[in-house]
1. Within the stretch 6-30, track down each residue that is part of a loop (DSSP other than H, G, I, E, B) and within 23 Å of residue 77 (Cα to Cα).
2. Considering every residue within the stretch 31-38, establish whether at least one is assigned to a strand (DSSP E or B) and open to solvent by 80 Å² or more (accessible area, probe 1.4 Å).
3. Check the stretch 6-27 and report whether any residue there is more than 13 Å from the chain's Cα centre (by Cα), at pLDDT below 95 and more than 14 Å from residue 113 (Cα to Cα).
4. Going residue by residue through the stretch 54-68, is there one that turns out to be open to solvent by less than 70 Å² (accessible area, probe 1.4 Å), in contact (Cβ under 8 Å) with a residue 24 or more places away in the chain, touching a helix residue (DSSP H, G or I) at 6+ places or on another chain (Cβ under 6 Å) and of a type outside the set (Asp, Glu)?
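The values are calculated or read from the model by the stated rules, or taken from the named source; none is laboratory data. Note that the structure is predicted; figures quoted are calculated from it, not measured. Positions of Cβ are generated from backbone atoms using ideal geometry, with glycine treated the same way; all protein chains shown enter the neighbour counts. Ligands, DNA and RNA are excluded from the accessible area calculation, which covers all protein heavy atoms including side chains. Shrake-Rupley method; radii C 1.70, N 1.55, O 1.52, S 1.80 Å.
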Amino acid sequence: MNAPIPILRSFSEAEAKAFYVDYLGFEITFEHRFDAAAPLYFEVRRGACVLHISEHHGDAAPGAALRIEVDDIEAFHADITARGHKRLRPGINETGIGFREVSVVDPFYNRLIFCQRM
């Protein structure tokens, strides 16, 4: 069995791409629309992490939370800090469950918790 591919809800193509590609450093691996006026469904990938982002009603609800393990939380944090975001300035937090993590919320209220085991 392979890792699941979460589907996250989006309401704006421009905001989703600015957040996932420009800020978090994912790359778009495919985009799909049924026609020119249809909502966008696309896939992003960074390393082994794959996410699907959908503007389609019913594919997902806003407000999901994901834990995404990274090999080097310091390097990940430095990368997104260098990219910058107009409303986010996450730090690295240590949890009581043995992780160091960087938590960000996308424009659609989905929370992504990038974490490294201590």
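1. Here is the first cut: in the stretch 6-30, the residues part of a loop (DSSP other than H, G, I, E, B) are 6, 10-12, 24-26.
Answer for the stretch 6-30, where residues must be part of a loop (DSSP other than H, G, I, E, B) and within 23 Å of residue 77 (Cα to Cα): 6, 24, 25, 26.
2. Looking through the stretch 31-38, at least one residue is assigned to a strand (DSSP E or B) and open to solvent by 80 Å² or more (accessible area, probe 1.4 Å).
3. From the stretch 6-27, those more than 13 Å from the chain's Cα centre (by Cα) are 11-14; that's our starting set.
Retained after the next criterion (residues that are at pLDDT below 95): none.
No, every residue in the stretch 6-27 fails to be more than 13 Å from the chain's Cα centre (by Cα), at pLDDT below 95 and more than 14 Å from residue 113 (Cα to Cα).
4. no
Residues are listed down the side, and each one gets a yes or a no for (1) open to solvent by less than 30 Å² (accessible area, probe 1.4 Å); (2) among the hydrophobic types (A, V, I, L, M, F, W, C); (3) not in a loop (DSSP other than H, G, I, E, B):
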site	(1), (2), (3)
43	yes, no, yes
51	yes, yes, yes
76	yes, yes, yes
79	no, no, yes
91	no, no, no
97	no, yes, no
108	yes, yes, no
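Okay, residues lined up against (1) within 21 Å of residue 5 (Cβ to Cβ); (2) within 16 Å of the chain's Cα centre (by Cα):
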residue	(1), (2)
68	yes, yes
74	no, no
77	no, yes
82	no, no
86	no, no
99	no, no
106	yes, yes
